[in-house]
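Trainee: Would you mind keeping the following structure in view while I ask a few things?
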Amino acid sequence: MGNSLLSVSLLCLVASNVEYSPVFVGSQDGLKEADKVESLPGQPDGATFDQYSGYVTVDPVAGRALFYYLAQSENFYSDPLVLWLNGGPGCSSFGNGAMMELGPFRVNSDGKTLSQNKYAWNKKANMLFLESPAGVGFSYSNTTSDYVTGDTKTAEDAYTFLINWLERFPEYQTRDLFITGESYAGHYIPQLAQLILHNNKITNQTVINLKGIAIGNAYIDEETQNTGSYDYYWSHALLSDEIHEGITLNCNFSPNANVSEACIYYVNQVDLGDIFPYDIYAPWCDSSSGLPSTSGFDPCTESYIDTYLNTKLVQTSLHVTIPPKSWASCNFKINGQWMDSPATVLPVIKELMSSGIRVWLYSGDTDSVVAVTTTRYAINYLQTSVKTKWYPWYTQAEVGGYAVGYENLTFVTVRGSGHFVPSYQPSRALALFSFFLAGVLPPSDES
């Protein structure tokens with residue numbers, strides 16, 4: 001177990017007449033120092049920031065502990081704290097988020113050495129990556145039934161993690177917190193943010209200073225996920241007029257609607273061919289091609305990370321005490337045992353919009369898995385008014401994408417990026433992240 005249990009307290013949470021499950025708070029004495037990462041194997045010289053990683057126990061009875069990695073910023077005393085969550089469900093925030101997307105290092109093709117990511121997000125914030133739920137990445141439970149989980153338990157455990165982690169790192173307790181992530185974290189992030197805001201109303205409870213959320217290529221609504229996907233395929237020349245028209249005329253994707261045989265027929269005719277759905281213009285990782293994507297991202301990066309994180313020396317440096325049989329970027333067994341997943345989280349997002357915290361949605365525009373159209377259709381359902389009309393935004397004297405400011409919501413696209421925005425367009429992603437933290441819309445000119 002990653003936590004000393006010398007001191008245990010249980011806090012009963014009650015807010016707005018809603019009773020919450022007790023939150024476990026364990027002693028964190030000496031654990032911060034033990035979590036310090038002196039250096040990762042193969043790390044390049046010149047790093048000027050501190051790293052920490054280890055476990056935070058969220059349930060001592062079940063033996064459930066979540067793994068985290070913290071890449072502090074150079075200005076860690078003044079910069080905000082940002083929690084990053086990958087989706088899936090069942091995908092690793094450390095392997096995917098930190099090592100492939102926005103962390104300080106990228107794994108080289110040898111699977112042994114690292115190179116510096118000059119567009120790492122810890123240049124702007126203290127980046128905290130959480131492996132969630134248990135069974136993902138290096139997070140684990142000693143109780144097998146914990147691996148059958150869902151949205152509710154994931155949010156509760158993430159909240160318990162944060163409360164305990166802030167005890168371990170008390171210098172962040174009053175710091176501004178932002179929650180970011182992508183894909184199915186379109187469920188995780190709003191649900192966790194809602195839980196934080198509700199629990200912040202409780203006296204004698206740690207108040208988490210949540211300031212905003214940002215979700216990339218967000219899976220947030222099942223109906224618009226379907227309609228937006230087929231419209232994206234058609235508008236990007238991946239689907240014929242006839243099939244698209246058949247789906248449009250015969251399919252009703254609203255909740256509880258009956259699915260007609262004609263709809264099933266046309267949906268079964270959809271064939272995108274052998275393309276990489278997360279970036280429709282990128283090659284697959286193929287030893288015979290070895291070609292980078294149009295953005296310059298190496299499509300074989302995931303295999304390099306897999307090799308690196310399955311190395312015993314690397315796991316030791318990260319303080320992995322109970323390693324999985326084989327580390328994987330996604331645990332598809334958990335994905336297949338997901339128990340609760342609402343058809344939409346738009347009501348939760350609407351509540352967050354009215355709470356006063358910052359709410360941003362952003363989309364890489366070459367992703368077909370959670371396409372830009374799905375997010376635009378979902379925003380239409382929120383029925384919020386436009387404050388700043390759609391416009392091209394700029395970074396490095398180029399169009400970085402397009403933005404629109406709504407009442408209590410900002411939507412931004414990232415031009416030429418697939419699903420994993422910081423991987424495919426790292427410079428534009430870092431610029432976008434900076435604007436989000438500052439709470440300002442991206443610039444509309446080239447200056």
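Trainee: Within region 196-212, does at least one residue satisfy the condition of being crowded, with 24+ Cβ neighbours inside 10 Å and within 16 Å of the chain's Cα centre (by Cα)?
Mentor: No; the residues of region 196-212 include none that is crowded, with 24+ Cβ neighbours inside 10 Å and within 16 Å of the chain's Cα centre (by Cα).
Trainee: Kindly list the number of the only condition in (1) of a type in the set (A, V, I, L, M, F, W, C); (2) under 29 Å from I275 (Cα atoms); (3) assigned to a strand (DSSP E or B) that fails for V404.
Mentor: (2)
Trainee: When the residues of region 206-264 are narrowed to those that are free of Cβ contacts under 8 Å to residues at least 24 places away in the same chain and of a type in the set (S, T, N, Q), which ends up nearest to E171 (Cα to Cα)?
Mentor: N256
Trainee: Conditions first: (1) surrounded by fewer than 20 Cβ atoms within 10 Å (Cβ to Cβ); (2) closer than 29 Å to Y147 by Cβ; (3) touching a strand residue (DSSP E or B) at 6+ places or on another chain (Cβ under 7 Å). D306 passes all but one, so which condition is the exception?
Mentor: With respect to (1) surrounded by fewer than 20 Cβ atoms within 10 Å (Cβ to Cβ); (2) closer than 29 Å to Y147 by Cβ; (3) touching a strand residue (DSSP E or B) at 6+ places or on another chain (Cβ under 7 Å), D306 is out only on (3).
Trainee: Moving on to the next point. Find all pairs meeting these conditions: Cβ atoms under 6 angstrom apart; at least six residues apart or on different chains; first residue within region 53-64 and farther than 17 Å from P323 by Cα; second residue of a type in the set (K, R).
Mentor: Between residues of region 53-64 that are farther than 17 Å from P323 by Cα and residues that are of a type in the set (K, R), the close pairs are V58/R64.
Trainee: When only residues in region 175-195 that are closer than 15 Å to P347 by Cβ, within 12 Å of the chain's Cα centre (by Cα) and not small (G, A, S) count, which is surrounded by the fewest Cβ atoms within 10 Å (Cβ to Cβ)?
Mentor: For region 175-195, the residue satisfying everything is P190.
Trainee: For a quick check of your reading of the model, give me the residue pairs whose first member lies in region 21-41 and is of a type outside the set (G, A, S), whose second is loosely packed, with under 13 Cβ neighbours inside 10 Å, with beta-carbon atoms closer than 6 Å and at least 6 apart or on different chains.
Mentor: P22/L10; P22/C12; V25/S9; P41/L313
Trainee: Within 30 Å of T143 (Cα to Cα), surrounded by 23 or more Cβ atoms within 10 Å (Cβ to Cβ) and charged (D, E, K, R) - does that describe any residue in region 52-60?
Mentor: The answer is no; no qualifying residue exists.
Trainee: Can you tell me which of V359, V370, V314, V320 is under 17 Å from D151 (Cβ atoms) and in contact (Cβ under 8 Å) with a residue 12 or more places away in the chain?
Mentor: V370
Trainee: Moving on. Quick check on K211: is it at pLDDT 95 or above and either more than 22 Å from V421 (Cβ to Cβ) or not small (G, A, S) (or both)?
Mentor: For K211, the condition - at pLDDT 95 or above and either more than 22 Å from V421 (Cβ to Cβ) or not small (G, A, S) (or both) - is met.
Trainee: Working only within region 76-116, note down all residues that are assigned to a loop (DSSP other than H, G, I, E, B) and surrounded by fewer than 21 Cβ atoms within 10 Å (Cβ to Cβ).
Mentor: Answer for region 76-116, where residues must be assigned to a loop (DSSP other than H, G, I, E, B) and surrounded by fewer than 21 Cβ atoms within 10 Å (Cβ to Cβ): F76, Y77, S78, D79, P80, N108, S109, D110, G111, K112, T113.
Trainee: Which of the residues that make up region 171-183 are in contact with a helix residue (DSSP H, G or I) (Cβ under 9 Å, 6 or more places away or on another chain) and either among the aromatic types (F, W, Y) or part of a helix (DSSP H, G or I) (or both)?
Mentor: Y172, F178
Trainee: Can you list the helices (runs of 4 or more DSSP H) lying wholly within region 298-378 that have 3 or more residues being modelled with pLDDT of 95 or more?
Mentor: In region 298-378, the matching helices (runs of 4 or more DSSP H) lie at 301-309, 312-317, 346-355.
The values are calculated or read from the model by the stated rules, or taken from the named source; none is laboratory data. Predicted, not measured: the structure shown is a model, and the values here were computed from it. Using ideal geometry, Cβ is built from the backbone for each residue, glycine included, and neighbour counts are taken over all protein chains shown.
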